[in-house]
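Chemist: What follows is a structure written as structure tokens; I'll ask about it next.
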Amino acid sequence: MVSTGVVREWHSADQWGVIDSEDTPGGAYAMSHAVRVEGVADLDRSPALGLRPGTEVDFEWSTSDEPINGMHYLVERVWPRGTTAPASEGAFHTSLWLSVDGPGPDGLTVMQEELDRDSAKSPPLEPLRFFTATGAVRTWHDEHGWGVLDSDATPGGVWAHFSAIVGEGFLTLKPGQRVEFDYEPAIQDGFYFRAVTVRTL
């Protein structure tokens, strides 16, 4: 179901917030990966996406089987009111988010999802800089060519493809292996971050 509401609060460090609407009494629980079209991020602390409190939004929601932080509604996708609703994603959705200006007075930078922009009509957007972290491999699937990396800077984990690994020959990682990696904010298979380059230590 699609409703219109207002962002009540957003917890950037924990990557979730609450959206109020007449259709979702008590609020609807939203996570960072549900943000579409435009959001905000504190790029000095983390590239995790969020929403400014007070922002009017349209959002898709469902009823949760179990209450989440006391709320019975779960936001599936949320986007700024007045913008075009994003197309439904398949099982493997990938988003590239780009900063469109400098930080505002609250330290938050507006981020826009790279959709089907007509580059001939739209001015180029400034690419988001990559971040670097040191961590360990949580899991790796050789049969699929991807895995998950963990570090203190990337709560929830970082999706990594074998093509990001620096090296030659058969590129793979092992659970527990120490790595240094460059990453970007991107939603990939349910993870909030995607590795751009992975170097074994």
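The values are calculated or read from the model by the stated rules, or taken from the named source; none is laboratory data. This structure is a prediction, so every number in the text was calculated from the model and none was measured. Please note: Cβ atoms are built from the backbone with ideal geometry, for glycine as well, and neighbour counts cover all protein chains shown. Accessible surface areas use protein heavy atoms only, side chains included; no ligands, DNA or RNA. Shrake-Rupley method; radii C 1.70, N 1.55, O 1.52, S 1.80 Å.
Chemist: Quick one: if the Förster radius is 30 Å, what FRET efficiency do ASP42 and GLU180 give, using the C-beta to C-beta distance and rounding to 0.05? It would help to have the intermediate numbers written out before the result.
Modeler: Values: r = 23 Å, r/R0 = 0.77.
That gives a FRET efficiency of 0.85.
Chemist: With a 10 Å cut-off between alpha carbons and a GNM built on the chain, which of GLY157, GLY190, GLY104 moves the most?
Modeler: GLY104
Chemist: Got a sec? What order do ASP189, ASP14, ASP65 fall in by accessible area at 1.4 Å, biggest, i.e. largest, first?
Modeler: Values: ASP189 45, ASP14 105, ASP65 150 Å².
Largest to smallest exposure gives the sequence ASP65, ASP14, ASP189.
Chemist: Now for a separate question. Among TYR29, VAL148, THR197, pick out the residue whose Cα is farthest towards the positive end of the charge dipole of the chain, where Lys and Arg carry +1 and Asp and Glu carry -1 on C-beta, about the Cα centre.
Modeler: My answer, from the dipole projection, is THR197.
Chemist: Another question, if that's okay. For a quick protection proxy, order the peptides 133-142, 165-174, 28-37 by their average other-Cβ count within 10 Å, most packed first. Intermediate results must be reported in sequence, preceding the final value.
Modeler: On the way: 133-142: 16.0, 165-174: 12.8, 28-37: 24.7.
Top to bottom by mean Cβ count within 10 Å: 28-37, 133-142, 165-174.
Chemist: Write down the percent of antiparallel bridges among all DSSP beta bridges whose residues are both part of the chain, to the nearest 5. Write out the running numbers ahead of the final one.
Modeler: Numbers: 54 of 60 bridges.
Close to 90 percent.
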